[in-house]
Amino acid sequence: MQTPWDHRFAQRTQRMGSSAIRELLKLTEQPDIISFGGGMPAPDVFPLEEFREACERVLKDSGPQALQYGPTEGYLPLREMIARHSKRYGIEITPENILITSGSQQALDLLGKILINRGDHILVESPTYLGALQAWNAYGAEYVTVPMDNHGMVTDELEMALRSGPKFIYVLPNFQNPTGVTLAEERRTKLIELADRYGVPIVEDDPYGQLRYEGDHLTPVVELDSQFRNDCSVCYRGNVIYLSTFSKTLAPGLRLAWVVAPPEVIRKMVQAKQGADLHTSPFNQYVAYEVAKGGFLNRHVKLIRDVYRERRDAMLAAMDGYFPPGVDWTHPEGGLFLWATMPETLSSPDVLKAAIEQKVAFVPGAPFYPLGGGHNTMRLNFSYCSPEKIREGIARLGKVIQDKLGGSVGK
Ligand SMILES: Cc1ncc(COP(=O)(O)O)c(C=O)c1O
């Protein structure tokens with residue numbers, strides 16, 4: 001329906017649409033639906049008591065500062081803690097390399113603001129994180145894609161894509177959203193070498209790196225880049241912009257995340273952030289620091305890993321039992337999602353309609369492909385529902401797919 005506002009909106013809004021995921025999240029608010037849709041952490045693992053105590057301590061000890069405006073870069077003790085923690089995780093940095101943002105989603109938007117001119121091509125995995133496409137579409141981004149397989153971005157096809165002169169490479173090396181796939185170590189090295197050879201920076205989005213349920217930790221791309229440059233200084237000055245967040249390890253409602261980048265990139269992002277929201281909530285930063293310090297965050301992440309590992313295993317086992325032949329899926333070593341591919345004859349929006357009638361939901365895969373494709377794919381989240389609900393939901397979904405294929409359930 002046309003409204004008088006339509007011709008007033010700026011051109012950049014023409015490529016803004018409501019995210020398929022956000023629309024779906026509305027449906028999942030119905031209490032009787034089993035939702036594998038959103039990327040939501042399990043609410044039962046939120047450390048409520050620790051947050052309550054931390055809020056009290058912050059108000060008592062630092063109330064006036066926590067409720068005041070703060071520096072755009074973020075709360076220094078929190079940035080120092082992130083720098084220390086990153087070191088244990090393999091990344092050598094100082095607080096100069098860190099900007100606190102209001103969620104990684106804001107970091108993606110700020111990167112669009114400082115890096116993307118209308119018509120610039122961004123090199124992305126196909127499929128890739130929908131929220132990044134949403135953020136960058138508003139800045140007039142175009143995309144060049146590199147396919148994924150079970151070991152992440154197919155780096156053999158990267159060089160060809162780099163020849164088109166993209167502005168930057170966007171990569172999700174650990175338990176990618178949406179596929180759950182991890183970028184193999186040798187491909188990480190190849191990515192860095194090729195990016196360096198073609199002079200193209202890398203944006204490494206890593207919200208899930210700490211949520212590994214099996215296998216060995218793989219070196220972050222930012223750290224491999226610093227090794228590649230033989231850079232022994234404690235201040236990182238390489239080719240990678242690294243993003244991570246407290247959304248999956250503490251709570252997404254904090255809207256608290258961080259960027260690691262060379263100081264000149266951080267300074268430009270600070271200017272962009274001042275125009276967006278001045279700074280991230282100091283109160284939330286003080287509280288997160290209080291909750292996380294003294295080893296609590298590490299202990300808490302171990303608990304989350306145990307809970308989510310069980311849920312992932314429940315989903316994989318249920319899919320083995322209830323999904324009909326012809327459907328394939330990934331086996332993520334961590335993160336929150338797995339990815340299923342149905343036979344070509346099926347369309348996931350059609351399957352979703354039938355699934356919602358059976359009170360189960362997932363996200364259709366096509367919107368994660370910036371240049372089209374994936375009509376028969378779906379993203380399934382395993383962190384939000386209990387193992388019992390997962391089994392029940394997958395049984396219902398298996399039946400829906402089987403009915404659409406026209407045959408009998410089970411393998
Ligand atoms: C790959 C990726 N990047 C960024 C985000 C945004 O995270 P945040 O809650 O920190 O804004 C998400 C959230 O699911 C994500 O999966």
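The values are calculated or read from the model by the stated rules, or taken from the named source; none is laboratory data. In this text, all values refer to a predicted model and were calculated from it rather than measured experimentally. No Cβ is skipped: glycine too gets one built from the backbone with ideal geometry, and neighbour counts run over all protein chains shown. For accessibility, only protein heavy atoms count, side chains too; no ligands or nucleic acids. Shrake-Rupley method; radii C 1.70, N 1.55, O 1.52, S 1.80 Å.
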Original post:
Looking at 237, 188, which is the one that is away from the ligand (no atom under 16 Å from the Cβ), of a type in the set (Lys, Arg) and crowded, with 17+ Cβ neighbours inside 10 Å?
Top reply: 188
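Here is a yes/no grid of residues against (1) at pLDDT below 95; (2) in contact with a strand residue (DSSP E or B) (Cβ under 8 Å, 6 or more places away or on another chain):
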residue	(1), (2)
46	no, no
49	no, no
55	no, no
60	no, no
81	no, no
84	yes, no
100	no, yes
Subject >> Positions within the range 169-185 being within 16 Å of the ligand (Cβ to nearest atom) and among the aliphatic types (A, V, I, L, M), in sequence order >> reply: 169, 171, 172, 181, 183
Original post:
(1) open to solvent by less than 20 Å² (accessible area, probe 1.4 Å); (2) of a type outside the set (Val, Ile, Thr); (3) out of contact with any helix residue (DSSP H, G or I) (no Cβ under 6 Å at 6 or more places or on another chain); (4) away from the ligand (no atom under 16 Å from the Cβ): which one isn't true of residue 206, the others all being true?
Top reply: (4)
Original post:
Of all residues in the range 209-226, how many are in a helix (DSSP H, G or I), within 16 Å of the ligand (Cβ to nearest atom) and in contact with a helix residue (DSSP H, G or I) (Cβ under 8 Å, 6 or more places away or on another chain)?
Top reply: 1
Subject >> Criterion violated by residue 160 - all others in (1) part of a helix (DSSP H, G or I); (2) of a type in the set (A, V, I, L, M, F, W, C); (3) surrounded by 22 or more Cβ atoms within 10 Å (Cβ to Cβ); (4) more than 16 Å from the ligand (Cβ to nearest atom) satisfied >> reply: (3)
Subject >> Selection count, the range 209-234, where residues are among the small types (Gly, Ala, Ser) and open to solvent by 20 Å² or more (accessible area, probe 1.4 Å) >> reply: 2
Subject >> When residues of the range 104-136 are limited to those that are open to solvent by 30 Å² or more (accessible area, probe 1.4 Å) and in a helix (DSSP H, G or I), the one nearest to the ligand (Cβ to nearest atom) >> reply: 105
